[in-house]
Structures are given as structure tokens and as C-alpha cells.
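This report refers to the structure that appears directly beneath it.
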Amino acid sequence: MPSELIAMGRLVVGTLRDLAPIVLVVGFFEIVVLQQHIDNLGTIALGLVFVMLGLAIFIRGLEMALFPLGETLAAAFANKGSLIWLMLFSFGLGFGTTVAEPALIAVADEAAEVMAEGGAIDNNEDTRESYATALRYTVAVSVGTALVIGVTRILLGWPIHYFIIVGYLGVVGLTAIAPASIIGIAYDSGGVTTSTITVPLVTALGVGLATVIKGRNPMIDGFGLIAFASLLPILFVLMFGIVVSAS
């Protein structure tokens, strides 16, 4: 227990150090440049304390649960030798963590609102909700597919750069023919998919597989799944825009 308190104390100090630059930047521009009085200073300070403690607890939780869990599951599937179950797990992990990602939900809802206001879709609640849901599930399927491709790459030992080059060539090609209204949404979708839950689990999955598979190097083969999880949503959402505009 004392060792756990010491570890938490170090994390709190670390998060305080990490938050200090943004606090200093905001404070400088608020007080020196804009010369504005900061309202509710006490509430803001309390909120910063909550953020600092929350980040420290979250990081400790990752270290205690998600990283070991991801590595353990990866090792178990590899040792079990069941390729089908490993692929199903990889797809389910990517799909499940993405479909419930708050940032993706917010972007999908905002995209539906803007599309409706711009006349690209009917401006009624059912249509907007249907569009947002379809967009979310498109991204979720793309992330699940990305993990399947990434895990396959680790199993076969293929270099990652070939996949990335081909993927972004596909992005460039689809960008040229996709509706202009979907391009920005597609590129943003590649960023919002890598959530605070997805990243540690996916990283642990990759490192765990590369650790237990003979001939794989965790440093070389264990990382890179996040790159696939950021790339494929762009491709899928661009194709989603093309299909929707053609229907």
C-alpha cells in the first residue's frame, strides 16, 4: 500500500508538471496580453486540481489494468494458436472501443447537422440521426478492419511502410473523387478514432503479440497498429461520402 501511494504521488507530480505549460500559456495571454480579469478563479483552480488528479488516476489505471490485460490477451490468443479467434478479437476490440468513443459521437452529430443545413441530406431529426449513426459505424468498422490488417502484418512480419504508402495513395485518390463536403470529415475521423481507451489496448495488443511470436521484435513489429487505426477511417469515410452522394 505505501508503494502504491508513492507511485500515485509521483504520477500527480508528473501530471502537474505536464499541465504547467498550458496553464502558464493561458494565464499569460489572459492576464498580460488580453488584460482581462479571471472570473471564478477558485472554481477554475479546483477544476485544474480535478484534471490533475483524474489524469494521474487514469494513467495509473492504464498501468495496472489495460496494458497488462491487452498483453495477456494477446499472449493467450497467440499461444492458443487460433487465428480466427485472434482476428475476431482484434476486430471486436477496434469496433467496440470506437463506436462508443465520445469524440467520434460529437463529430458525427456535428457532421450530420452541417450536412442537413447545407442541403446534402434532409433536415429532419430522423435523417440526421441516421446519418450520424451510419458515419459512426463506418468508422468503427474501419478501425476493426485496421486492427485485423495490423495483426496480420505482425503475424507475417511484413514491413509497415508498404501498407502506409499504399493506404495514403488510396486516400489521395479517393480525395480527388469524393464530395468536397465529406473530405474534412473523413480526415478528422482519422484523428478522433484513437481514443484514450483504444490507444493503450491496441498498443498492448501489438506489443503483446510481437513479444510472444517467435522471430518478432516488439520495438519493430509491436507498434504501428495505431497508424492503421488512423488511416483506414479516412478511406472508409471517403467511400461512405461517395456512396451517400450517389444514392
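Residue 64 - would you say it is modelled with pLDDT of 80 or more, of a type outside the set (Gly, Ala, Ser) and part of a helix (DSSP H, G or I)? Against the criterion (modelled with pLDDT of 80 or more, of a type outside the set (Gly, Ala, Ser) and part of a helix (DSSP H, G or I)), residue 64 does not qualify.
Looking across the stretch 14-39, the residues that are in a helix (DSSP H, G or I) and open to solvent by 90 Å² or more (accessible area, probe 1.4 Å) come down to 16, 17, 18, 22, 24, 28, 29, 31. Residues of the stretch 200-247 that are open to solvent by 60 Å² or more (accessible area, probe 1.4 Å) and either touching an Asp or Glu at 6+ places or on another chain (Cβ under 8 Å) or farther than 20 Å from residue 153 by Cα (or both): 211, 239, 243, 245, 246, 247.
Can you find even one residue in the stretch 176-192 that is touching a helix residue (DSSP H, G or I) at 6+ places or on another chain (Cβ under 6 Å), of a type in the set (A, V, I, L, M) and closer than 26 Å to residue 60 by Cα? Yes - at least one qualifying residue is present in the stretch 176-192. Can you say whether residue 148 is over 30 Å from residue 57 (Cα atoms) and without any contact (Cβ under 8 Å) to a residue 40 or more places away in the chain, as far as the supplied structure shows? When the stated conditions are applied, residue 148 does not pass them.
Here residue 166 fulfils each of the conditions (1) part of a helix (DSSP H, G or I); (2) within 18 Å of residue 86 (Cβ to Cβ) apart from (2). Taking the criterion of being of a type in the set (A, V, I, L, M, F, W, C), closer than 21 Å to residue 13 by Cα and free of Cβ contacts under 8 Å to residues at least 12 places away in the same chain, the residues of the stretch 24-48 that qualify are 24, 25, 26, 44, 45, 46.
Restricting the search to the stretch 166-184, which residues are over 16 Å from residue 111 (Cα atoms) and open to solvent by 70 Å² or more (accessible area, probe 1.4 Å)? Of everything in the stretch 166-184, those that are over 16 Å from residue 111 (Cα atoms) and open to solvent by 70 Å² or more (accessible area, probe 1.4 Å) turn out to be 166, 168, 169, 172, 176, 177.
What do you reckon, is residue 143 open to solvent by 60 Å² or more (accessible area, probe 1.4 Å), among the β-branched types (Val, Ile, Thr) and either closer than 17 Å to residue 180 by Cβ or out of contact with any strand residue (DSSP E or B) (no Cβ under 6 Å at 6 or more places or on another chain) (or both)? In short, no.
In the stretch 70-117, the qualifying residues are those that are in contact with a Lys or Arg (Cβ under 9 Å, 6 or more places away or on another chain) and within 21 Å of residue 207 (Cβ to Cβ), and the one that is surrounded by the fewest Cβ atoms within 10 Å (Cβ to Cβ) is 86. Going through the stretch 185-199 one residue at a time, which ones are part of a helix (DSSP H, G or I), surrounded by fewer than 20 Cβ atoms within 10 Å (Cβ to Cβ) and of a type outside the set (Asp, Glu)? Those that are part of a helix (DSSP H, G or I), surrounded by fewer than 20 Cβ atoms within 10 Å (Cβ to Cβ) and of a type outside the set (Asp, Glu): 187, 191, 192, 199. Selection of the stretch 119-140 for residues being assigned to a loop (DSSP other than H, G, I, E, B) and open to solvent by 70 Å² or more (accessible area, probe 1.4 Å) yields 122, 123. Among the residues of the stretch 205-214, those identified as modelled with pLDDT of 80 or more and of a type outside the set (Val, Ile, Thr) are 205, 206, 208, 209, 210.
The values are calculated or read from the model by the stated rules, or taken from the named source; none is laboratory data. Computed from a predicted model, the values in this text were never measured in an experiment. Don't worry about glycine lacking a Cβ; one is built from the backbone with ideal geometry, like all the others, and counts go over all protein chains shown. Please note that ligands, DNA and RNA were not included when accessible areas were found on the heavy atoms of the full protein model with its side chains. Shrake-Rupley method; radii C 1.70, N 1.55, O 1.52, S 1.80 Å.
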